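This report refers to the structure that appears directly beneath it.
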2 protein chains.
Amino acid sequence: MSNKSKFFNILKTDGKARLGKITTSRGVVDTPAFMPVGTAGTVKGVLPENVKLAGSQIILGNTYHLMLRPGSELISRFGGLHKFMNWKLPILTDSGGFQVMSLSKLRKISEEGVEFSSHIDGSKHFVSPERSIEIQLNLGSDIIMAFDECVDSETPLEKVASSMDRSMRWAKRSIAAFGSQSRKFIFGIQQGGFDEKLRLESSKILTDLNFDGYALGGLAVGEGQEEMFKVLDFAPEFLPQEKPRYLMGVGKPDDIIGAVERGIDMFDCVLPTRSGRTGQAHTRMGEINLRNARHIKDDQPLDFLCSCYTCVNYSRAYLNHLEKANEILGSVLLSIHNISYYQELMKGIREAISNNELKTFVENFHERRKIGDLLEL
Amino acid sequence: MSNKSKFFNILKTDGKARLGKITTSRGVVDTPAFMPVGTAGTVKGVLPENVKLAGSQIILGNTYHLMLRPGSELISRFGGLHKFMNWKLPILTDSGGFQVMSLSKLRKISEEGVEFSSHIDGSKHFVSPERSIEIQLNLGSDIIMAFDECVDSETPLEKVASSMDRSMRWAKRSIAAFGSQSRKFIFGIQQGGFDEKLRLESSKILTDLNFDGYALGGLAVGEGQEEMFKVLDFAPEFLPQEKPRYLMGVGKPDDIIGAVERGIDMFDCVLPTRSGRTGQAHTRMGEINLRNARHIKDDQPLDFLCSCYTCVNYSRAYLNHLEKANEILGSVLLSIHNISYYQELMKGIREAISNNELKTFVENFHERRKIGDLLEL
């Protein structure tokens, strides 16, 4: 298990923030890291080589979407998700738990697992901890997530507690189903809602199970940033210092910044590509809408300091034109920029931690956004 | 004018087919050449670098679309269409004549020009030979087309004749408006419908005006391949041997093959990208529909002999998956392949002419398509 002990190295800390390195057989991931989401076997609208050129070292694949279409057995027969979608670097897959709760209808949860209807065609499916791990192994994922039950931010405490208990039993079944895999890693998922005691209890159980890393689940489910940060003020430290910590489904740039300050190492979010498909660009000055008429004659790039393909080659006026003409290339170019923006942000964060300057970095981040984009024109 | 005399060189002939080279200040175009269409300042769905990697040496821009949105004056202020859309190689622009007739409503044609309503917002516009040339110069086009009147395949002969006469008067006004441009070139457009006498008359007038090249207009307007080839059996030879000949808006792979055999040097068509957005791939074995269920488990590339990005990296099963999931990347990957297919076809044609083997090449082309894709499985 010597390679497992080297899976995650912490190189430097700055306050609670950690600079680290995850090492997998498919490549290294510098942390804090952002993982673009490849929901259905594609980071929407972007060629894999451009996802990589934007600075991505790992992407996320969705178990729920891929089990329904095209099916994990088919992907396995094609040599796994990496080969199927032509992404050679590491892939982390979620367990499907969150999507089963949020996307599917007619779900029936039992101790054994979840029976649900596909949101695509209504067909019946069953997923359990064992089946989730099997699917993720079929996909050839490098980092596999334990199967958990997810509750939303309105759930009463007793239900949060019983759900956490079940998720911990499922975590145990997940790690048993995973078995011993020399080149793959499995993360457990801390649950417990906004309750400190439950989060601590969950962490103790997971720590005993000795996962390779730990995610914080049940956050970014509609509670708002303030509420989320309150939990992040205590929850990450309940997990082993020496293992990577992953905040699932987060988030907006300032969510990420605040979470890094609170000791989180990994993030994933659909925002860069979803924004890109709706005419939105993330920049150092904040978010801008390319469909806005103020960009019609604007010869600036999206962001002067950005060196991505889009910013080097195109004006806001051109992007405004593509948006108005509903051209696919608008979505493509904005998605490329947005992924690059996120990866540049992570790089900046890592450099700041390395130089013990995270506090200044965060201040500058908020200061630039306060000035905004309009005044810089 | 020494650079003008070198604009087009014929290197070799094989029957009526010609191997040639067009030289512009932005690069060389080997003929017979296919120009992908960049209607609204983008070859739909494909990054310019991938258009180039697919083997394209020139693209076409649409005067009608760009004059309406974002406007040629705006593009001029941005340094021209090349800079605006980040395409560094040559651009040929059409004159807008065809789209004014086919896309706009409420058009009013006079000797002066055409008044029409935008198909986008109903706004009123006017385009004349002088205005068309001005727009194309604003765009910074390398090869500019004379402004002509287009009639459809059902038009009675008298109307075809009077329309051709008007197009020839407009050709004269176009070349006068173009003036002397040391690094740009202008093509006249032969008209005359399916009538040999009118085509000859049109050619004589255009030849006297001494254009840099000549297009054949009024074809590919719904008449069918047989009717078009009948015209191509005589019409190209009415034009000066030493100038390039461009068949506008053509076409399907077998249209191009037949037209090259009849002495055509240049083509443009939206088909590769339009097919790509509707799940269709062009291959040596014919056209295939990636949405078809027979590709669900198909681990073949689109075309075994194709070395494009899509064929090197992806299976038909993956492309089928993207199509079913309505993923943008499906359109992107199929468009990249289809442009590559067209450019490989042109390269094959050029090599065949060079080796005096065009007849064999054409026979093999039709033979492979007759066998089709299904039997090769």
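The values are calculated or read from the model by the stated rules, or taken from the named source; none is laboratory data. Everything numeric in this text was worked out from a predicted model, so none of it was measured. No Cβ is skipped: glycine too gets one built from the backbone with ideal geometry, and neighbour counts run over all protein chains shown.
Structure values in brief
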item	result
Test: residue in region B:237-244 that is among the acidic types (D, E), under 30 Å from B:T13 (Cα atoms) and assigned to a loop (DSSP other than H, G, I, E, B)	yes
Options B:I349, B:I339, B:I371: the member that is touching a Pro at 6+ places or on another chain (Cβ under 8 Å) and over 23 Å from B:V46 (Cα atoms)	B:I349
Qualifying positions in region A:253-294 - touching a strand residue (DSSP E or B) at 6+ places or on another chain (Cβ under 8 Å) and free of Cβ contacts under 8 Å to residues at least 40 places away in the same chain	A:A259, A:E287, A:N289
Entirely in region A:274-377, the helices (runs of 4 or more DSSP H) that have 3 or more residues that are more than 30 Å from B:I75 (Cβ to Cβ)	A:328-354, A:358-371
Residue list for region A:11-48, restricted to those being touching a Cys at 6+ places or on another chain (Cβ under 9 Å) and within 14 Å of chain B (Cβ to nearest Cβ)	A:P36, A:V37
Candidates A:N326, A:N292, A:N364, A:N356 - the one that is within 14 Å of another protein chain (Cβ to nearest Cβ), among the polar types (S, T, N, Q) and either surrounded by fewer than 18 Cβ atoms within 10 Å (Cβ to Cβ) or more than 23 Å from the chain's Cα centre (by Cα) (or both)	A:N326
Helices (runs of 4 or more DSSP H) (entirely within region B:49-166) containing at least 3 residues that are closer than 28 Å to B:Q181 by Cβ and at pLDDT 95 or above	B:63-68, B:72-77, B:81-85, B:129-139
Residue count for region A:315-350, restricted to those that are without any contact (Cβ under 8 Å) to a residue 60 or more places away in the chain and either among the polar types (S, T, N, Q) or over 17 Å from B:G71 (Cα atoms) (or both)	8
Whichever residue in region A:38-50 is touching a residue at least 60 places away in the same chain (Cβ under 8 Å) and surrounded by 24 or more Cβ atoms within 10 Å (Cβ to Cβ) and, among such residues, is farthest from A:V28 (Cα to Cα)	A:G45
Qualifying positions in region B:307-323 - crowded, with 19+ Cβ neighbours inside 10 Å and either in contact with a Pro (Cβ under 9 Å, 6 or more places away or on another chain) or more than 10 Å from chain A (Cβ to nearest Cβ) (or both)	B:C308, B:T310, B:C311, B:Y314, B:S315, B:R316, B:A317, B:Y318, B:L319, B:N320, B:H321, B:E323
B:R107 vs. criteria basic (K, R), away from every other protein chain (no Cβ under 14 Å), over 21 Å from the mean Cα position of the chain (by Cα) and over 23 Å from A:I296 (Cβ atoms)	yes
Region B:75-118, residues that are touching a residue at least 40 places away in the same chain (Cβ under 8 Å) and surrounded by fewer than 15 Cβ atoms within 10 Å (Cβ to Cβ)	B:G79, B:K88, B:S102, B:I109, B:E111
Positions within region B:208-230 being outside any loop (DSSP other than H, G, I, E, B) and in contact with a strand residue (DSSP E or B) (Cβ under 8 Å, 6 or more places away or on another chain), in sequence order	B:L209, B:G213, B:Y214, B:A215, B:L216
A:R183 within 24 Å of A:T31 (Cβ to Cβ), surrounded by fewer than 19 Cβ atoms within 10 Å (Cβ to Cβ) and among the charged types (D, E, K, R)	yes
